[in-house]
1. Would you mind telling me which numbered condition in (1) in contact with a Gly (Cβ under 8 Å, 6 or more places away or on another chain); (2) assigned by TED's automatic domain parsing to the domain that holds Gly183; (3) among the charged types (D, E, K, R) Glu349 fails?
2. Would you be able to say whether some residue in the range 130-140 is within 30 Å of Asp171 (Cα to Cα), of a type in the set (Phe, Trp, Tyr) and modelled with pLDDT under 65?
3. Any idea which of Gly252, Gly310, Gly324 is touching a residue at least 12 places away in the same chain (Cβ under 8 Å) and in the same structural domain as Ala218 (by TED's automatic domain parsing)?
4. Going through the range 214-248 one residue at a time, which ones are among the small types (Gly, Ala, Ser) and out of contact with any Pro (no Cβ under 8 Å at 6 or more places or on another chain)?
5. Could you count how many residues in the range 344-366 are of a type outside the set (A, V, I, L, M, F, W, C) and assigned to a loop (DSSP other than H, G, I, E, B)?
6. What are the residues in the range 202-245 that are assigned to a helix (DSSP H, G or I) and hydrophobic (A, V, I, L, M, F, W, C), if any?
7. Select from the range 141-198 the residues that are in a loop (DSSP other than H, G, I, E, B), modelled with pLDDT of 80 or more and hydrophobic (A, V, I, L, M, F, W, C) and list them in ascending order.
8. Any residue at all in the range 271-292 that is buried (at least 16 other Cβ atoms within 10 Å of the Cβ), in contact with a strand residue (DSSP E or B) (Cβ under 6 Å, 6 or more places away or on another chain) and part of a loop (DSSP other than H, G, I, E, B)?
Amino acid sequence: MSIPPPPGPQQPEGQYPQPGPYPQGPYGQQPYQQGPYGQQPYPQGPYGQPQYQPWAQGYSPYNRPAPVNGLAITSLVLGVLCCLPGVGLVFGVIALRQIRKRGERGRALAIVGSVLSALGLALWVSALATGAASDIWEGFKEGARGGASISLAKGECFDAPGGTLEGETYDVDKVSCGGEHDGEVFASFRLPDGDYPGLGPVTDTADARCYGLQDSYAMDGWAVPDDVDVFYLTPTRESWNAGDREVTCVFGNTDEGAGLTGSLRNDETVLDADQVAYLKAAHVLNTAMDSAPDAEYVEDDLPGHKAWAGRVSAALAKQSGMLGAHDWPADAKKPVTALIPVLGSARAEWAKAAAAKDVDTFYAHYEKGFDLLDPAKTVTARKALGLATTPPDPGTDSGDSGDGRDGSGMEV
């Protein structure tokens, strides 16, 4: 069976045979077919049938589109996002040059990317010139913080929004302690991990811990003004979920709208060795005095008040020993050592109150022992040591005699 030759010049337009060499037919003639390049013979197989060659490398039956320039795409993306407008503009210009040289596509992308990048660059320059960029960055940082804790270190001072240390806040402004300010940080601590315990437990913990930490920062409580009290910044439920566990203890003014001026810090970093020795001895007694039972009247808790009296008696003995063991300077030696027998007499009365059999006996020795601890008796020794000489107002809890009253807290 023979295979007829392929169609002649009447073949449908667009259907072309593969080009290639032509062997002779059985009678020496060569069959020709009109192709895209003129008349071309068909190759024949071993039995006379036409043989078709594959397309040679470099030819394709369909036109392949030119590639899109990569820098043109990058320029468009950067122009739309406006994140690196300068880079987007440079990429757009380079892309246009490459497209002209290589015959690539993407000229429109490069032009649009260059225009958008140029506009973005102009906006950035305008923002920097007007200071708007700083506001944008601060807003970004606030949003990124997402309710995390306000970072304040011990010894730093700040202004709070609206000048108040109560309510909720998400930011404060750090300022110099030398000028006027709303608060001064004297300590901080972390709450244990776990579920948010609630506003009540958080503030209760902050109140107890912050009052106990104030003496380590303001060792001379007499130097703390009467209108200054303890405040604290605590986590909110939202900031707790963001990982905030920090409680910041702060000194602030109790008068609404009033602030502080100058630092209240007086510890080992600003006091001399003699001042520190005296204040450490005083703190032993202050700690014991602050451990009074919750019951205001002895009748309501005689055992509790007797235990408290025992702690005060032991503290007075320790305080006397600390004052007697220190080598005081010449001008302070006499007034300081003169306090030791007074403290001894007070210790004896408090010891008797601790051993009282009834309420009346307790009151009798308690009142004598309390009167012997009159702060005015220490003024001479304090003056010789260069410490504050004005006792705190008994109606406040500032200074050495803190009564542990509730402070105020700001949630952050």
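1. Among (1) in contact with a Gly (Cβ under 8 Å, 6 or more places away or on another chain); (2) assigned by TED's automatic domain parsing to the domain that holds Gly183; (3) among the charged types (D, E, K, R), the lone unmet condition for Glu349 is (2).
2. So the first thing to find is which residues in the range 130-140 are within 30 Å of Asp171 (Cα to Cα), and the list is 130-140.
Among the residues that remain, those that are also of a type in the set (Phe, Trp, Tyr) are: 137, 140.
Okay, now just the ones that are also modelled with pLDDT under 65, so 137, 140.
Yes: the range 130-140 contains one or more residues that are within 30 Å of Asp171 (Cα to Cα), of a type in the set (Phe, Trp, Tyr) and modelled with pLDDT under 65.
3. Gly252
4. To start, the set of residues in the range 214-248 that are among the small types (Gly, Ala, Ser) comprises 216, 218, 221, 223, 239, 242-243.
Result: Ser216, Ala218, Ala223, Ser239, Ala242, Gly243.
5. Residues flagged as of a type outside the set (A, V, I, L, M, F, W, C) and assigned to a loop (DSSP other than H, G, I, E, B) within the range 344-366 amount to 2.
6. Val202, Ala206, Ala208, Cys210, Leu213, Trp222, Ala223, Trp240
7. Of everything in the range 141-198, those that are in a loop (DSSP other than H, G, I, E, B), modelled with pLDDT of 80 or more and hydrophobic (A, V, I, L, M, F, W, C) turn out to be Leu152, Ala153, Ala160, Leu165, Val172, Cys177, Leu191.
8. no
The values are calculated or read from the model by the stated rules, or taken from the named source; none is laboratory data. No experiment lies behind these values; they were computed from the predicted model shown. Cβ coordinates were reconstructed from backbone atoms using ideal geometry, including for glycine residues, and neighbour counts include every protein chain displayed.
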